[in-house]
Amino acid sequence: MTEGNINIAVLVGSLRAASHNRALAEVTVANAPDGISLTVVDGLADLPFYNEDLDTPELTAAAVTALRDYVESVDAVLIVTPEYNGTMPAVLKNAIDWLSRPFQASALSGKPAGVIGAALGGRGGAGSRQEARRALTVAGARVVEDVEIGISTGGLDDAGMNTPAIVEQTVLAVRVLGDHVAVSV
């Protein structure tokens, strides 16, 4: 962590380049409050499915090691998730599974984490955000419940995620997450 700067890793649960959640992540990064730096972590598609047989120093994939090392180096994690069939996407769950190891000494252990997202339904992906929070909690992260954005994508116009209301929500969510980092340092 750079003195006076809070670094947050952003994990996006959608692999589609033009997804609403990728756009939400990019708006969040672009509007980060002073003193907070957010970076979207790419490469979740490169992670093999979690398999304890592969989770050894000799066999762990380079993509897994890179993800773990990066998340270990930041101050907090922000999950941006769509909702697939009422829950979070497999790619996001898989990343959390890899980050949850080793048990009680993982890259997520004690790290503040927030969850936001967008989905087609009227509840803006509430089920996926709830599932992501549960998985992060079990993985050892300190989930910040006050980081809460659920956007229904059905009503978006040409501005998409880049509206004053959504920008304001993302700035507030990142500040809240940053405040939890400041308390834990």
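The values are calculated or read from the model by the stated rules, or taken from the named source; none is laboratory data. Fair warning: this is a prediction, and the values are worked out from it, not measured in the lab. Cβ placement follows ideal geometry from the backbone for every residue including glycine, while neighbour counts extend to all protein chains displayed. Note: areas computed on protein heavy atoms with side chains; ligands, DNA, RNA excluded. Shrake-Rupley method; radii C 1.70, N 1.55, O 1.52, S 1.80 Å.
Observations
- Average accessible surface area per residue within the stretch 101-145, 1.4 Å rolling probe, Å²: 44
- Residues in the stretch 1-88 average 51 Å² of solvent-accessible surface per residue, probe 1.4 Å, ligands and nucleic acids excluded.
- Cα-only Debye scattering, the chain: base-10 log of I(q)/I(0) at q = 0.11, 0.13, 0.18, 0.19 Å⁻¹: -0.43, -0.61, -1.17, -1.30
- Local electrostatic count, Gly13, Cβ distance below 11 Å [Lys/Arg +1, Asp/Glu -1]: +2
- Potential lengthening between Asp179 and Asn162 on full extension [0.36 nm per residue; Cα-Cα distance subtracted]: 3.7 nm
- Choice from Thr163, Thr137, Thr87 showing the highest fluctuation, given a GNM over the chain with Cα pairs closer than 10 Å: Thr163
- Ellipsoid semi-axes in whole angstrom, largest first, where each is sqrt(5λ) of the Cα gyration tensor of the stretch 86-185: 26, 18, 9
- Taking the protein heavy atoms of the stretch 13-110 in the context of the full set of protein chains, the accessible area attributed to carbon and sulfur is 52 percent at 1.4 Å.
- Under Karplus coefficients 6.51, -1.76 and 1.60, residue-wise ³J(HN,Hα) of the stretch 90-106 in Hz, glycine/proline x: 4, 5, 6, 4, 4, 4, 5, 4, 5, 6, 7, 10, x, 3, 6, 9, 7
- Listed residues Gly117, Gly125, Gly43, most fluctuating in the chain (Gaussian network, C-alpha, under 10 Å): Gly43
- Separation between Cα centres of the stretch 120-149 and the stretch 65-110, rounded to whole Å: 12
- 10 Å beta-carbon shell around Val176, net charge (K/R +1, D/E -1): -3
- Candidates Ala141, Ala18, Ala119: whichever shows maximal mean-square fluctuation once the chain is modelled as a Gaussian network with Cα springs under 10 Å: Ala18
- Prolate/oblate/rounded label for the stretch 1-71 (Cα gyration tensor, a/c 1.5): oblate
- FRET efficiency, Asn31 to Thr137 (Cβ-Cβ, R0 25 Å, nearest 0.05): 0.35
- Placed amide H near Val10: partners under 5 Å, 5+ positions off or other chain: Thr39, Val40, Val41, Leu78
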